[in-house]
Every structure is written in C-alpha cells, then in structure tokens.
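Asks: I'd like to ask you about the structure that follows.
Where a number appears in this text, it was derived from the coordinates with a stated rule and is not lab data. Worth saying up front: this structure is predicted, and the values here are computed from it rather than measured. All Cβ positions, even for glycine, are placed from backbone atoms using ideal geometry, and neighbour counts span all protein chains on display.
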Amino acid sequence: MNNTIRELQIKNNSEDEIQSVALINSLGQTVRTWNSNLNLKIISLPVNTATGVYMVQIITKNGSVVQKVIIE
C-alpha cells in the first residue's frame with residue numbers, strides 16, 4: 001500500500017494470471033473489487049476508503065493469496 005498516493009500496488013513476479021483483487025475490511029465485508037487490467041507485472045489500484053487495517057485477497061488461477069495492509 002502506497003499511502004502517499006493512495007494506491008494499492010501489486011507486483012506479480014510469478015506466471016500466475018490474476019483474476020481478481022478484493023479489499024476486505026476488519027468485519028469481513030468486501031469494500032472494493034477489481035476484475036480488469038490485472039495481467040500486468042506491476043498493478044496500481046486506486047483506493048479511496050477510510051483509514052484502517054484491511055485484507056487484500058488476490059485470486060489467481062492456482063489459488064488465492066491474502067495480505068494485510070494498513071491504509072492511512
């Protein structure tokens with residue numbers, strides 16, 4: 001998470017195709033979902049939401065990855 005420019009930046013170093021990215025709040029509610037333009041090596045997604053701790057779920061063809069981020 002780049003809080004200076006309020007963007008979620010994802011570097012895809014593997015050959016896995018990213019199908020979707022979801023931003024989930026601490027209550028388990030999906031705040032935002034991205035489904036397009038995800039086949040780049042570096043993905044920048046704008047985030048306009050309240051400060052707090054969120055989970056980012058990245059879904060690929062081979063499974064999913066969840067990472068905690070802090071939005072300031």
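Asks: Of all residues in the stretch 20-35 being of a type in the set (S, T, N, Q) and either free of Cβ contacts under 8 Å to residues at least 12 places away in the same chain or outside any loop (DSSP other than H, G, I, E, B) (or both), which is surrounded by the most Cβ atoms within 10 Å (Cβ to Cβ)? I'd like the intermediate steps shown before the answer.
Replies: Step one: list which residues in the stretch 20-35 are of a type in the set (S, T, N, Q), which gives 20, 25-26, 29-30, 33, 35.
Add one more test, that the residue is either free of Cβ contacts under 8 Å to residues at least 12 places away in the same chain or outside any loop (DSSP other than H, G, I, E, B) (or both), and what stays is 20, 29-30, 33.
Numbers: SER20: 14, GLN29: 8, THR30: 11, THR33: 12.
Among residues in the stretch 20-35 that are of a type in the set (S, T, N, Q) and either free of Cβ contacts under 8 Å to residues at least 12 places away in the same chain or outside any loop (DSSP other than H, G, I, E, B) (or both), the one surrounded by the most Cβ atoms within 10 Å (Cβ to Cβ) is SER20.
Asks: Sticking with this structure for a sec: Please pick out the residue among VAL66, VAL56 that is farther than 17 Å from ASN2 by Cα, in a strand (DSSP E or B), of a type in the set (A, V, I, L, M, F, W, C) and under 14 Å from the mean Cα position of the chain (by Cα).
Replies: Residue meeting the stated conditions: VAL66.
Asks: Filter the stretch 41-53 down to the residues that are over 10 Å from the mean Cα position of the chain (by Cα), surrounded by 10 or more Cβ atoms within 10 Å (Cβ to Cβ) and either part of a strand (DSSP E or B) or basic (Lys, Arg) (or both) and list them by number.
Replies: GLY52, VAL53
Asks: Please go through (1) assigned to a loop (DSSP other than H, G, I, E, B); (2) exposed (fewer than 14 other Cβ atoms within 10 Å of the Cβ) for LEU38 and return the number of the only condition it doesn't satisfy.
Replies: Among (1) assigned to a loop (DSSP other than H, G, I, E, B); (2) exposed (fewer than 14 other Cβ atoms within 10 Å of the Cβ), the lone unmet condition for LEU38 is (2).
Asks: Take the residues in the stretch 1-13 that are polar (S, T, N, Q) and exposed (fewer than 10 other Cβ atoms within 10 Å of the Cβ), then tell me which one is nearest to VAL66 (Cα to Cα).
Replies: The qualifying residue nearest to VAL66 (Cα to Cα) is ASN13.
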